[in-house]
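Have a look at the structure below before the remarks.
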There are 2 protein chains.
Amino acid sequence: MSATPTSRSAPRRATITDVAREAGTGKTSISRYLNGEMSALSPELRARIEAAIERLDYQPNQMARGLKRGRNRLIGMLLADLTNPYTVEVLQGVEAACHALGLMPLICHAANEVEMERRYLQLLTTYRVEGVIVNALGVREETLRPVGGGGIPAVLVDRSVDGLVADIVGLDNRAAAELGTRHLLERGFRDIWFVVQPFEQVSSRRLREAAFRETMRAQAGARTQAGSGGADGDGGVARGHTLVLNLADAAQTEESLAEPDRAIEAANVTTATKAKEAVDAAGHPAGAPGNASRVAVFAANAPVALRLALHLKARYGAAWQTRVALLSIDDPDWAELTGITTIRQPTYDIGYRAVEFLHERIEGVQTSARDCLLPGELMVRASTAS
Amino acid sequence: MSATPTSRSAPRRATITDVAREAGTGKTSISRYLNGEMSALSPELRARIEAAIERLDYQPNQMARGLKRGRNRLIGMLLADLTNPYTVEVLQGVEAACHALGLMPLICHAANEVEMERRYLQLLTTYRVEGVIVNALGVREETLRPVGGGGIPAVLVDRSVDGLVADIVGLDNRAAAELGTRHLLERGFRDIWFVVQPFEQVSSRRLREAAFRETMRAQAGARTQAGSGGADGDGGVARGHTLVLNLADAAQTEESLAEPDRAIEAANVTTATKAKEAVDAAGHPAGAPGNASRVAVFAANAPVALRLALHLKARYGAAWQTRVALLSIDDPDWAELTGITTIRQPTYDIGYRAVEFLHERIEGVQTSARDCLLPGELMVRASTAS
DNA sequence: CTGTTAGCGCGTTCAA
DNA sequence: TTGAACGCGCTAACAG
């Protein structure tokens, strides 16, 4: 007497066969209707089908379709760290592009664990995604397809993978790091620390660090040639340092920070009074005159910048910015709030382009591996005021 | 003479049939091997299968499996706003739980657009996910299954959906808002603004606002009864206001903020000198003595708090915290950095529990709808110093 | 224009 | 212990 004999709930969704029966026709016509081949259907049949679908609340099973045609419109999106605002922003672009291209992104978050990344990559191939966008962690996998080779089509975001020839889209790291470094030099800083996470494995970090050093070296060369104490009237050749911060280990991080701390404290002893006078009521540094003796810290990305800011605040109090200038690649929420200068990445575009590239590969485009390097934008704020 | 006749790339993955042939057996045995029914396989056959799989780098097709068994281990995760750190944190918990339960989350980001949400929900059912976790925006959908009814199993996160009886897990909003309000009262604030996004549609916002008002009312009652200017020695009854901020519209937001601004400026005129004296060199408020005349702003969540902080900083300069105290539900990165007091949500647990609930439903648990309300944790920082 | 047939890759009877 | 045959829901050839 009960409605359905099926134990409980889940009233088993209608299938194409059900619809065919309901509409009094064959499955083929339904399939044609679903795929928009309207020209091959009499208006009358079409109406009946429409009605049947409506009545049964029918929704085609993507899995089955995928199985048959060999493509499921799924792409994998492998993310190293969702905690990084950069990642979320890139994701926006990815979603928009997927939407536009009729793709469905499977988002996988490796949470900075190489093992997770490996597992997810395997899972993705198991679901037969048509391609993957990889913000790599440690993929050395053969799983990924080198342009034109076997494996699954992949495009890289932000970081390249050693030995893998593939499309890559991301920030123009060299230009960005140079932009930041030059900005600091122009603003008169003479003691600059580039702070970055362990960068052997991550190409973008490597490139940024290299560009920083190169720019510092070039500057030093120019100064030396022009003779020390040149026409600029500032403190002469600037000194650059690279500091590696292993954020995964809090204790180690704190230890590493002792070095720049010494520099900061030394600098502030020298010019303590000068600096204090230069500070306006708002708690911001007054600028150039003091910058020659103020130390500048250049964070390679937002997570590093955050860690630095927290440390500096804890050590030097709320007015820490009067003693240190902080500049960062990436432009997180709190940058505006705390007034630090940043280099904003075109994150949305990065994500969008990545999907476009992948889509082309999936459709069989055969060009050789492409690099899409997008420029960063310098957002000057109070921290590096001149 | 070329390796494969197939046009290019994509060397078509091995299927179960290939493996069977390679191992010199039938598909059934392979299937059994894959499903761990080892007891039904002779060690010898097992070894051959193992080898064949290895050799062909075979990976079972989840889609096909799902089609056959009627379950694909996929669950949908519908997110209202990935930009909100809350969301990302919940996601961590979700991922961990999925990992543990052998589920694969399909993450969909509605980016605060109701239309997107609707589309994704439809897409998810199209992929036949076994259930969904919904951080709802405006779902009024019949798509979701009310506990024990038709539709697809769902558990709600943070927000309930009008008219939908379902499991829900999230912050204990009433307790949290009361906790925050009480904290402000205890710290001597007598002019408190609760700031929240339009809350008709979002249950958590509604609850928080109601609890705020209730707590303020209770306090006022107590004061009045005890006679004004009671033994506490502070300014007597505190006034509470609710301000609605539509973050989607910048101009409107700015306009709305004029009201509290007037209050802030009035309060500071009255006690300008007192306040200034009370401020220490670090730029932090000295505490209670000044709090009776300082206004406090209670943000209903992190996005609101950020907007407020940006506005206040723009209007009152870097030392804005000497004029206003900011308290927020949610505990974003920058809270520690800027020293504002917050109520941290047990985000990881929320995500984890949500998946557990969903998993149970999928497995057919039949209890009535459950509410899982987790407590928030007050993180006292300098902004509400006493 | 329409229906019939044969798989896609896999799990599951059911016999052997 | 093993394998053959059937069908999950759908699309694509091929007839009518």
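Figures for the structure shown
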quantity: Subset of region A:55-75 [of a type in the set (A, V, I, L, M) and within 11 Å of DNA strand C (Cβ to nearest atom)]; calculated: A:MET63, A:ALA64, A:LEU67
quantity: Filter result (free of Cβ contacts under 8 Å to residues at least 12 places away in the same chain, surrounded by fewer than 17 Cβ atoms within 10 Å (Cβ to Cβ) and near DNA strand C (Cβ under 7 Å from one of its atoms)) within region B:12-54; calculated: B:ARG12, B:THR17, B:LYS27, B:THR28, B:ASN35
quantity: Within region B:78-92, considering residues that are hydrophobic (A, V, I, L, M, F, W, C) and more than 9 Å from chain A (Cβ to nearest Cβ), the one farthest from DNA strand C (Cβ to nearest atom); calculated: B:ALA80
quantity: Residue match in region B:343-351 (condition: modelled with pLDDT of 95 or more, of a type in the set (Ser, Thr, Tyr), closer than 30 Å to B:LEU74 by Cβ and out of contact with any Leu (no Cβ under 6 Å at 6 or more places or on another chain)); calculated: yes
quantity: Some residue of region B:197-205 being among the aliphatic types (A, V, I, L, M) and in a loop (DSSP other than H, G, I, E, B); calculated: yes
quantity: Within region A:26-45, considering residues that are farther than 21 Å from A:ARG65 by Cα and in a helix (DSSP H, G or I), the one farthest from the chain's Cα centre (by Cα); calculated: A:GLU44
quantity: Subset of region B:19-60 [more than 9 Å from DNA strand D (Cβ to nearest atom) and among the small types (Gly, Ala, Ser)]; calculated: B:GLY36, B:ALA47, B:ALA51, B:ALA52
quantity: One residue from A:TYR127, A:TYR120 being of a type in the set (Phe, Trp, Tyr) and within 16 Å of DNA strand C (Cβ to nearest atom); calculated: A:TYR127
quantity: Options B:GLU95, B:GLU115: the member that is at the interface with chain A (Cβ under 9 Å from one of its Cβ atoms), away from DNA strand D (no atom under 12 Å from the Cβ), part of a helix (DSSP H, G or I) and not aromatic (Phe, Trp, Tyr); calculated: B:GLU95
quantity: Restricting region A:118-129 to residues that are facing chain B (nearest Cβ under 7 Å) and outside any helix (DSSP H, G or I), the residue that is nearest to A:ALA248 (Cα to Cα); calculated: A:TYR127
quantity: Residue within region B:120-142 that is small (Gly, Ala, Ser), closer than 30 Å to B:ALA14 by Cβ and at pLDDT below 90 present; calculated: no
quantity: Selection from region B:317-339 of residues that are in contact (Cβ under 8 Å) with a residue 40 or more places away in the chain, over 20 Å from the mean Cα position of the chain (by Cα) and in a loop (DSSP other than H, G, I, E, B); calculated: B:ALA319, B:ARG323, B:GLY339
quantity: Per-region count, region B:144-177, residues assigned to a helix (DSSP H, G or I) and surrounded by fewer than 18 Cβ atoms within 10 Å (Cβ to Cβ); calculated: 2
quantity: Cross-chain or 6+ apart pairs with Cβ under 9 Å, region B:353-378 first and farther than 27 Å from B:SER328 by Cα, then surrounded by 14 or more Cβ atoms within 10 Å (Cβ to Cβ) and among the basic types (Lys, Arg); calculated: B:PHE357/B:ARG370; B:ARG361/B:ARG145
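The values are calculated or read from the model by the stated rules, or taken from the named source; none is laboratory data. Just so we're clear, the structure is a prediction, and the values are computed from it rather than from any experiment. Here Cβ is always computed from backbone atoms with ideal geometry, including for glycine, and neighbour counts include all displayed protein chains.
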